[in-house]
1. Which of (1) closer than 22 Å to Thr107 by Cα; (2) crowded, with 24+ Cβ neighbours inside 10 Å; (3) not basic (Lys, Arg) is the odd one out, the single condition Asn55 does not satisfy?
2. Which residues, counting only those in the range 128-185, are open to solvent by 10 Å² or more (accessible area, probe 1.4 Å), in contact (Cβ under 8 Å) with a residue 12 or more places away in the chain, away from the ligand (no atom under 16 Å from the Cβ) and touching a strand residue (DSSP E or B) at 6+ places or on another chain (Cβ under 6 Å)?
3. Quick one: Gln119 ticks every box in (1) open to solvent by less than 60 Å² (accessible area, probe 1.4 Å); (2) of a type outside the set (Gly, Ala, Ser); (3) more than 16 Å from the ligand (Cβ to nearest atom) except a single one, so which number is it?
4. So, of the residues in the range 88-115 that are within 11 Å of the ligand (Cβ to nearest atom) and assigned to a helix (DSSP H, G or I), which turns out to be most open to solvent (accessible area, probe 1.4 Å)?
5. Given the conditions (1) closer than 21 Å to Pro149 by Cα; (2) in a helix (DSSP H, G or I), and given that Glu350 satisfies all but one, which numbered condition is not satisfied?
6. Can you tell me how many residues within the range 70-87 are crowded, with 20+ Cβ neighbours inside 10 Å and away from the ligand (no atom under 15 Å from the Cβ)?
7. Would you mind stating whether His96 is closer than 30 Å to Arg351 by Cα and of a type outside the set (Val, Ile, Thr)?
8. Return yes or no: is Ala216 more than 13 Å from the ligand (Cβ to nearest atom), free of Cβ contacts under 8 Å to residues at least 60 places away in the same chain and open to solvent by less than 30 Å² (accessible area, probe 1.4 Å)?
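The values are calculated or read from the model by the stated rules, or taken from the named source; none is laboratory data. All values reported here derive from a predicted model rather than from experimental measurement. Reconstructed Cβ throughout: ideal geometry from the backbone, glycine too, with neighbour counts over all protein chains shown. For the accessible areas, the whole protein counts, side chains as well, though only heavy atoms, and no ligand, DNA or RNA atoms are used. Shrake-Rupley method; radii C 1.70, N 1.55, O 1.52, S 1.80 Å.
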Amino acid sequence: MKLTSRARFSTICLHAGQEPDPSTGAIITPIYQTSTYVQEALGRHKGFEYARTQNPTRMALEGNVAAIEGGKAGFAFASGMAAIGAIATLLQAGDHVVVSDNTYGGTFRLFDKVLRRYQLSFTYVDTSDLAAVERAFTRQTRMLFVETPTNPVMRITDLRAAADLAHAHNIRMVVDNTFASPYVQRPIEFGADLVTHSTTKYLNGHSDSVGGVVVAVRDDDVEWLTFVQNAAGAILSPFDSWLVLRGTKTLPLRMQQHNANGMALAQFLAGHPKVRHVYYPGLPTHPQYELAKRQMRGFGGMIAFELGSLEAARRLLNAVRLYALAESLGGVESLISHPASMTHASVPPERRAAIGITDGLVRISVGIEDVDDIIADLDNALSAI
Ligand SMILES: Cc1ncc(COP(=O)(O)O)c(C=O)c1O
């Protein structure tokens with residue numbers, strides 16, 4: 001193992017989980033595109049039997065992301081939703097989960113439309129309000145599922161206080177860290193038991209792979225997830241594992257640029273007369289600015305802003321040239337979207353209204369282009385409103 005226990009974040013991103021390939025010395029972990037492995041004799045093999053269970057490329061990524069998040073073990077899945085589905089298998093019929101109220105729409109859909117059929121129940125609360133979280137706990141509550149910052153209105157949950165509260169009630173805290181990325185925040189340091197990512201976003205970072213990971217800390221969770229990843233089988237492919245592994249090598253560099261561009265764009269929007277409100281935790285006007293400074297390193301590349309009407313949002317979205325009108329986030333290129341009709345279309349309108357997702361809300365995933373270009377394009381599009 002090249003890494004010492006004192007290795008710093010960028011070094012961990014580059015090297016953790018990877019050794020030069022033992023058969024050739026290839027510096028980059030190869031794509032082990034195989035379904036099975038030859039056994040030397042009956043009952044004698046190299047620790048690899050079948051590729052759903054073990055694949056060296058996937059295992060390298062799992063070790064890499066576990067180290068990046070500061071956990072004990074990582075598990076890579078075919079999508080972010082498959083990762084969340086695997087976490088849900090830690091629950092049993094009758095269990096109750098408290099969930100951040102503006103969690104990703106697909107997570108809400110999985111919980112509400114699928115898992116409720118298996119006698120699991122969910123209560124959605126504003127997890128930035130810990131008194132509300134505690135009130136939502138019942139004797140059946142087994143999990144607190146937190147997203148911070150939330151998508152798209154950037155509410156922040158105090159990770160340390162939430163973990164302490166969950167543990168005082170003997171409840172696991174899960175954090176979906178997709179939106180921030182582990183460069184910006186590492187929930188396990190604050191007490192989270194499980195961290196999940198859609199690797200589709202910042203971890204891969206190049207908008208060319210769909211995947212998910214879970215990082216666990218507790219031995220019983222590691223044991224169960226090892227079992228269930230193989231038993232249910234929603235594994236990440238070798239090629240996607242390789243792509244994400246390549247992505248994490250540049251995570252710190254990319255995130256520094258996302259952070260810098262995000263801040264500059266948020267400040268530009270905040271000063272623009274046609275923008276009614278900007279949601280960005282790095283602005284001192286954000287209600288949880290102090291908390292964000294405490295638990296985040298930079299404020300990320302996600303920004304939402306209010307234009308007041310569907311018509312204004314439509315004009316802006318049709319006028320931008322550099323920003324691609326697309327769902328998803330966390331890639332090197334800037335994307336723009338309309339949460340009410342795109343990412344959050346599966347959320348019922350009354351719930352959308354309750355969490356501030358209006359028809360005039362626009363979301364940007366700020367890329368790493370030259371900041372002057374992304375500001376100029378938005379400035380030009382705002383003049384079309
Ligand atoms: C915060 C968050 N969690 C989970 C997911 C689901 O990930 P995937 O699309 O890779 O299944 C997404 C996707 O947008 C997301 O934004």
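1. It fails just one condition, (1).
2. Ala136, Thr138, Gln140, Arg172
3. Going through the list (1) open to solvent by less than 60 Å² (accessible area, probe 1.4 Å); (2) of a type outside the set (Gly, Ala, Ser); (3) more than 16 Å from the ligand (Cβ to nearest atom), Gln119 breaks only (1).
4. Looking at residues that are within 11 Å of the ligand (Cβ to nearest atom) and assigned to a helix (DSSP H, G or I), I get Arg109.
5. Going through (1) closer than 21 Å to Pro149 by Cα; (2) in a helix (DSSP H, G or I) one by one, Glu350 breaks only (1).
6. Of the residues in the range 70-87, 2 are crowded, with 20+ Cβ neighbours inside 10 Å and away from the ligand (no atom under 15 Å from the Cβ).
7. yes
8. No.
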